[in-house]
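I have placed the structure first, in the form of structure tokens, so that the comments after it can refer back to it.
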Amino acid sequence: MYKKILVPVDLADESSWKTTLPVASEFARLFEASIVVVTVVRDSQAYWEGAYLPFAYDELLDRSKRSLTTIISNHVPTGISVSAQVGHGSVHREILRIAQEEQVDLILMAAHRAGIRDHFIGPKTARVANDSQCSVLVVRAES
């Protein structure tokens, strides 16, 4: 049914991978699918970390990739084909871009309880679900 599953994670929010990676791993086993784990470095994050100098921005992306690789090795069982990607810019746009580029057929992502900020900006999960060309499974993250 599914051959490639994309799992977006927020490196600053442990519940985003502790909730989704076990589910994605079970789906991968069940459907003999591969997993693409993605994180996105937002432009605002780069600004606050002073990473707009080319070498500093590259270091921020490299650091994010190393963190993502560590999360994968700690939370995805061996025997499952998994890769890591780091996008940059708008979170939902990068998730959708990578999903299309990787030709995934399922995006599996965590949802959090809506906060006041979400009413002004709009939850990233809802944006991905609305604009995705493939199936999206939303897993409620632990509070």
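Things worth noting here:
- Subtracting the Cα-Cα distance of residue 81 and residue 59 from 0.36 nm times their residue separation leaves 5.3 nm of extension gain.
- Charge tally in the Cβ shell below 12 Å around residue 1, where Lys, Arg are +1 and Asp, Glu are -1, residue 1 excluded: 0
Here, each number is a calculation from the coordinates, and none is a lab measurement. Quick caveat: nothing in here was measured; it's all calculated off a predicted structure. No Cβ is skipped: glycine too gets one built from the backbone with ideal geometry, and neighbour counts run over all protein chains shown.
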